[in-house]
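What follows is a short report on a single structure.
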Amino acid sequence: MRYLFTTALASGALIGTALSAVTASAQQAQKIHYSGGFNCGEDEYTTNWNIRKDAAGEIALTVYFQQRGSSQVSWLDLTEHKSAKGMELRDANGNPRLDVAADGDTIRASWMRGAPQQDCSIFAVSRSDSPRDRFDQLFTLLDAPAADEDAAAKVADETRFPPIVHALPELDQNSYSQRYQTSLAEFWKRYRETMTSEIAALPITTEAERQALKARVDAALSSTMRASAAQGGHEDILRMLQTTADRLADAGIDPAAILGTSDAALMCQRYANINYAFHYQDMDKVQIAMAVPLDYWSRDLAERFLEDAPGCSVMHRSYTESLVNTWGDIQQRQQLIQTMREEQARLRALPATMDTLVDTNNLQPDSEKFRRGYMPSDLAERFFGAPLDARRAEILSVAMRELDGKVAAYTIDQPETATQVSDLCNQLSYLRNLDDVAKGSVHEKCETAQATLEEKQSVAALAKIEAAFASAEPDSDAAKAARELCDSLPASLNGSARTAAYGACQDETVKLAKKQDELRCTTALANSGVSADFLETTVAVTDTDGMSKAPLKDLVCGGATREIAVSFSSSGILMWKTHAMTVNFPRDDAPWRFVLVKDEAEDGADWTLAVEDPSTLERLDKEDMPVEMVSACFTGSSACRPGR
């Protein structure tokens, strides 16, 4: 090996550029690199040649080659030999593999034996930086923030025959491979996002503007598409076409007339580019090649495709067969789309009100016309999803202001308003097509509205209850009206307001009952037939743990609270004077008669109750109530337990 590569390695220019890191020491190994590509039939291969001279002056050559789109890499360790025709590279077994010839910094080569496929072309490799340096340069290009058409064209060109990872030093292969795949995918994603947003922002009012739109779409479907689509971008490209066509159609413009092409060669080239990215049959590729989604194909466009497709050698005839077989379905879908577009326009034109929001469930299509389960999901989202989101946001904003207005206008005399707000918030919680942010906003708004309503209800209700009971006297019409208010008002309130109103009513009712008991007590004492001093005398009361005593007035007042009349009478004089107690129950015709007997016990009560009346004795026996228990029942003692 003292020929072609020996000369290259000895070149002063080489030492000064490609091997700038190599010292002039004769003991230091040297390397140079070549790169290029070749075709075998329709398949493209990239190739990297690493040539090195060791310290002993021996030259070795490794040829790497990799089919585009494949992760498999092949390589050959070769040596240089003279042949009758020139120079050739042979493997370790002496088999000639490549015929080579130098042409400046370029080496022309042709396969002699062991080519990766049949029909491999003659090719050339040129002096290049090392694979590592080339990857670093690529990373600079891929990581640049700009991802416009110019940048895309450069990336597409530089990555057509990219460096081969296996040609890198082993320690760099994993990290460089991962970074390259990530950076390449992210660049094309940025490119497609930039392309989509730019096209979406282009005006379409005038013919000149529409032609500018077409030019921008054509650029997106040019040679860069081959590289972009290869990174999983064909769906983004088709989505861009669909969105652009929809925008034109919404403006009353025929998308096929603006976007479509009558150039059969251009159609075929686009198909070849997209077909290079993925080989399986899919009518999406035909839509991209024609630059018009099938939803907007006219009969003329379909017939033009059927006429031009056979002349495109890379396109299988099954595509024309598929179009013919599905043309009826395509037309039916186009009719459905027209109906959906009309419904979309109707929904968009509805007034921005709470009623619109609720009645349409946030701009959902008429269920009589469209049954969501039978509507293609892509069309449902395309016409009733994102395109209506801006209008949904407008209507929701107005509806939230309406809700604020209802809350602000609420008064205690309008209980239906609180019910309406509660019902509205319940309906709003089930609205369709609300993202998480909107759902959170609606939830927060409704919680605030509910809290504000309940606070207003509480303040007004408590004031109304207080006023109603303030002027209420026992057994008066005002007291009756206050009780009726408490029967109806709390039930018309919400949440904490209802709880507060029930509590206030309970407190005021207890106060009124106490007032009534005091009034009954006063009346009963006045009607008891004895003096106030006599009423202060005490009577023995049976208690659970013995005996106690209570003033007679307590028996009188205890009975009055139960609508039982207690009165006293006296007969005889001096030491023969006796005192009787008469008890009249409200639903008992005959009175109960008791006798007050002087209690002789020390520290005891003034009196104990006794019974002499046969009728009373009979009734006490029937109730299984000892006479000693009677006073306990009047005073509310826990010892009052008849029948035990």
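The values are calculated or read from the model by the stated rules, or taken from the named source; none is laboratory data. These numbers come from a predicted model, not from an experiment. Because the Cβ atoms are built from the backbone with ideal geometry, glycine has one as well, and the counts that use them run over all protein chains shown. We work out accessible area using only protein heavy atoms, side chains counted, and drop any ligands, DNA or RNA first. Shrake-Rupley method; radii C 1.70, N 1.55, O 1.52, S 1.80 Å.
Some observations on this one:
- Any hit, region 376-390, residues being open to solvent by 80 Å² or more (accessible area, probe 1.4 Å), under 24 Å from the mean Cα position of the chain (by Cα) and over 23 Å from Thr243 (Cα atoms): no
- Scanning region 106-116 for residues that are closer than 20 Å to His81 by Cβ and outside any strand (DSSP E or B) yields Met112, Arg113, Gly114, Ala115.
- Odd one out for Leu213 among (1) over 25 Å from Ala265 (Cα atoms); (2) buried (at least 17 other Cβ atoms within 10 Å of the Cβ): (1)
- Residue-level check: of (1) within 22 Å of Gln364 (Cα to Cα); (2) open to solvent by 80 Å² or more (accessible area, probe 1.4 Å), Glu416 misses just (1).
- Hits in region 243-267 (condition: open to solvent by 30 Å² or more (accessible area, probe 1.4 Å) and assigned to a helix (DSSP H, G or I)): Thr243, Arg247, Asp250, Ala257, Ala264, Ala265, Leu266
- For region 117-164, taking the residues that are acidic (Asp, Glu) and part of a helix (DSSP H, G or I), the one that is farthest from Met195 (Cα to Cα) is identified as Asp133.
- Hey, Glu394 open to solvent by 60 Å² or more (accessible area, probe 1.4 Å), in a helix (DSSP H, G or I) and charged (D, E, K, R) or not: yes
- Any pair with Cβ under 6 angstrom, 6 or more apart, that starts in region 340-368 at a residue that is at negative phi and ends at one that is open to solvent by 30 Å² or more (accessible area, probe 1.4 Å) and not in a loop (DSSP other than H, G, I, E, B): Arg348/Arg391; Ala352/Glu394; Ala352/Val398; Met354/Glu402; Val358/Gln427
- Qualifying positions in region 168-179 - open to solvent by 60 Å² or more (accessible area, probe 1.4 Å) and either without any contact (Cβ under 8 Å) to a residue 24 or more places away in the chain or in contact with a His (Cβ under 6 Å, 6 or more places away or on another chain) (or both): Glu170, Leu171, Asn174, Ser175, Gln178
- When region 565-588 is filtered for residues that are free of Cβ contacts under 8 Å to residues at least 40 places away in the same chain and among the β-branched types (Val, Ile, Thr), the ones remaining, listed by number, are Ile573, Thr578, Thr582, Val583.
- Any hit, region 270-277, residues being free of Cβ contacts under 8 Å to residues at least 24 places away in the same chain and either part of a helix (DSSP H, G or I) or out of contact with any Phe, Trp or Tyr (no Cβ under 6 Å at 6 or more places or on another chain) (or both): no
- All positions within region 111-144 that are within 18 Å of His33 (Cα to Cα) and free of Cβ contacts under 8 Å to residues at least 24 places away in the same chain: Asp133, Asp136, Gln137
- Looking across region 74-85, the residues that are farther than 23 Å from Leu168 by Cα and either in contact with a helix residue (DSSP H, G or I) (Cβ under 7 Å, 6 or more places away or on another chain) or open to solvent by 100 Å² or more (accessible area, probe 1.4 Å) (or both) come down to Lys82, Ala84, Lys85.
- Selection count, region 613-625, where residues are outside any helix (DSSP H, G or I) and surrounded by 12 or more Cβ atoms within 10 Å (Cβ to Cβ): 2
- First in region 385-414 and over 20 Å from Arg432 (Cα atoms), second anywhere and of a type in the set (Gly, Ala, Ser), Cβ under 6 Å, 6 or more apart: Val407/Ala449; Ile412/Ala460
- Any hit, region 167-176, residues being of a type in the set (Phe, Trp, Tyr) and modelled with pLDDT under 95: no
- Taken over region 415-448, the criterion of being at pLDDT 85 or above, in contact with a Ser or Thr (Cβ under 9 Å, 6 or more places away or on another chain) and over 19 Å from Asp359 (Cβ atoms) is satisfied by Lys439, His443.
- Selection within region 50-73 - without any contact (Cβ under 8 Å) to a residue 60 or more places away in the chain, surrounded by fewer than 16 Cβ atoms within 10 Å (Cβ to Cβ) and more than 23 Å from Gln30 (Cβ to Cβ): Ser70, Ser71, Gln72
- Of all residues in region 493-509, those that are assigned to a helix (DSSP H, G or I) have Cβ atoms under 9 Å from Cβ atoms of residues that are open to solvent by 30 Å² or more (accessible area, probe 1.4 Å) and of a type in the set (Val, Ile, Thr), 6 or more apart or on another chain, in Ala497/Val459.
Let's see how each residue does on (1) of a type in the set (S, T, N, Q); (2) under 18 Å from Gly604 (Cα atoms); (3) part of a helix (DSSP H, G or I):
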site: Val530; (1), (2), (3): no, no, no
site: Phe534; (1), (2), (3): no, yes, yes
site: Met547; (1), (2), (3): no, yes, no
site: Leu555; (1), (2), (3): no, yes, yes
site: Phe568; (1), (2), (3): no, no, no
site: Met581; (1), (2), (3): no, no, no
site: Asp588; (1), (2), (3): no, no, no
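- Checking Leu453, Leu462, Leu434 one by one, the residue that is out of contact with any strand residue (DSSP E or B) (no Cβ under 6 Å at 6 or more places or on another chain) and assigned to a loop (DSSP other than H, G, I, E, B) is Leu434 and no other.
- Residues (outside any helix (DSSP H, G or I) and either at positive phi or open to solvent by less than 20 Å² (accessible area, probe 1.4 Å) (or both)) located in region 279-306: Ala291, Val292, Pro293, Trp297
- Residue match in region 26-42 (condition: in contact with a Pro (Cβ under 9 Å, 6 or more places away or on another chain), surrounded by fewer than 20 Cβ atoms within 10 Å (Cβ to Cβ) and modelled with pLDDT of 55 or more): yes
- Matching entry among Glu149, Glu88 (being open to solvent by less than 50 Å² (accessible area, probe 1.4 Å), over 30 Å from Trp188 (Cα atoms) and not β-branched (Val, Ile, Thr)): Glu88
- Subset tally (residues that are within 30 Å of Gly252 (Cα to Cα) and either in a helix (DSSP H, G or I) or open to solvent by less than 30 Å² (accessible area, probe 1.4 Å) (or both)) for region 180-210: 16
- For region 626-644, taking the residues that are open to solvent by 50 Å² or more (accessible area, probe 1.4 Å) and in a loop (DSSP other than H, G, I, E, B), the one that is nearest to Ala550 (Cα to Cα) is identified as Gly636.
- When residues in region 573-610 are screened for being open to solvent by 50 Å² or more (accessible area, probe 1.4 Å) and over 30 Å from Gln516 (Cβ atoms), 12 of them pass.
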